[in-house]
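To start, the structure itself, in structure tokens.
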């Protein structure tokens, strides 16, 4: 696998060693897991404020320690495996979701690159890159990994001897097979414009300020990608997989404790990944100088907030409405968008 | 060194997983090992430096096997206990022996490393996707177009097969409900 830093940074930045990649991987694991936990708190608070409630208030100042309480609960709860379930598949399904979510994060830029100061023993002077594995085909890799992550819900639903689970798994397959098409087609138009699949190239293409952001050239693709991203991360209005009012908890019905927590962490990590892709591909990404990295964190935070906002604002849609929206509305628009982009580029 | 370790790891895992696919009678095990094996095959492409093909393998087969799962879901009860009875020990013997021979051959192959030459080496400075595109639209243009035509034919056939009642909505049209009810009455 290539670990060279592509493009302009090649000359100025030090060489990426395996130690740096390892440190980066540990940072991603630790920080994103923590953010995923914190995300649940933010989500509850934001939803509460939008519904004129207070949300969690009792544990710690302003309910902040609710997070720790939930974590302790998840870790110490009994891990129940239903009697008639296919035990092996049932046990690995949540791991698939969590693992693929983090593997996807390996190929996106998370946090700026830095060199560990030399006064720290053992690790001093190690260069930690911003992308753990800077693949030339980063975008495809991330989308493919997120797609593979949907095997988690599918296997979980099929392995538990529970009809709600089966319905959840069936809905996973339906949602995946339809929205994967829209995700791919919507992001194809920006890829055609930039002529590369690397996140670094996308970032360089839009380095000329707000005016050069791809969202102005590809507003349709942006909206399509955002809608498909909601479906990909199972967020409302497309959370058919675990819609409480219809299928109890869908694929997660029989899960408890840490295995349920892994689904949760995977979902939040995927939300962050989709936010990063949207920020880098359509909203200019990061810049290396000055406060550049703050901007991408703000953009990612905005998309995260947008997901909560949408959840508070819109009801769920039915599965047949989802299919109608995907195949009869979004996919034709995406194809037309690609054709028009191609014509404009050729002329 | 890393590549060698990764290659042997991937090959052992892939062969083992595909063996499970062939041997197991439990649909969930068979499908899951098929999916995992297909994902692991993309690892070979990554080792070879063909990142683009690796990711295409990943995306294409993840989607394809997901479609297969939906059929499995409709036809089988995935959680029913199935006795894994290997009715044909000769087949198991043959397949197991064959995979053992393949493994030995793979481990022994680097002895003759001089005989292995890359016929189509990668171009320096050209991305993977561009390389694939150039080969696909020059050397393999005819097979590419034929494959596209076949997919088109398959798609039209699928639409015709599935499209007999496409003008009726299953949820809004009440006649579908009536049909279900009459079928229930007949029972």
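Bear in mind that the values in this text are calculations on the coordinates, not laboratory data. Quantities reported herein were computed from a predicted structural model and do not represent experimental measurements. Ideal geometry is used to build each Cβ from the backbone, glycine not excepted, and the neighbour counts take in all protein chains shown.
Could you work out the mean count of beta carbons from other protein chains within 10 Å of each residue's beta carbon in B:21-33?
2
Give me P(r) over segment B:1-77, computed from all C-alpha to C-alpha distances, binned every 10 Å, as integer percentages.
20, 44, 28, 8, 1
Within segment A:200-241, list the residues whose amide N lies under 15 Å from a label point set 7 Å along Cα→Cβ of residue A:298.
A:209-211
Among A:26, A:96, A:276, which one shows the highest mean-square fluctuation when chain A is modelled as a Gaussian network with alpha-carbon springs under 10 Å?
Highest fluctuation of the listed residues: A:26.
Compute the distance from the alpha-carbon center of segment B:1-48 to that of segment A:145-208, in whole Å.
Centre-to-centre (Cα) distance: 22 Å.
Determine, from the Cβ-Cβ distance of residue B:108 and residue A:335 and an R0 of 60 Å, the FRET efficiency 1/(1 + (r/R0)^6), rounded to the nearest 0.05. Could you put the intermediate results ahead of the total?
Details: r = 50 Å, r/R0 = 0.84.
So, using R0 = 60 Å, E works out to roughly 0.75.
Hey, what number do you get for the protein assembly as shown at 222 nm if only DSSP H runs of n ≥ 4 count, each worth -39500 (n - 2.57), divided across all residues, to the nearest 500? Kindly include the intermediate steps, with their values, before the conclusion.
Details: 21 runs with 348 residues, N = 534.
Calculated mean residue ellipticity at 222 nm is -21500 deg cm²/dmol.
Mind checking which of A:214, A:155, A:306 has the largest fluctuation in a GNM of chain A, springs on alpha carbons under 10 Å?
Of A:214, A:155, A:306, the most mobile in the Gaussian network model is A:306.
For segment A:25-99, how big is Rg over Rh, using alpha carbon atoms and the Kirkwood form of Rh?
Expressed as Rg/Rh, it is 1.08.
Within a 10 angstrom radius of each residue's Cβ in A:241-254, how many Cβ atoms of other chains show up on average? Whole number is fine. Please report the intermediate quantities before stating the final value.
Working: counts 0, 0, 0, 0, 0, 0, 0, 0, 0, 0, 0, 0, 0, 0.
Whole-number average of other-chain Cβ neighbours for A:241-254 is 0.
Can you pull the mean other chain C-beta count within 10 Å for peptide B:51-58? Before the final figure, lay out the partial values.
Numbers: counts 10, 6, 1, 6, 12, 3, 1, 7.
Other-chain Cβ atoms within 10 Å of each residue's Cβ, averaged: 6.
Which residue fluctuates the most in chain A, going by a Gaussian network model with Cα springs under 10 Å, if the choices are A:253, A:40, A:115?
A:115
How long are the three semi-axes of the equivalent ellipsoid for chain A, computed from the Cα gyration tensor as the root of 5 times each eigenvalue, in whole Å, largest first?
Values: eigenvalues 207, 147, 77 Å².
Taking √(5λ) for each eigenvalue gives 32, 27, 20 Å, largest first.
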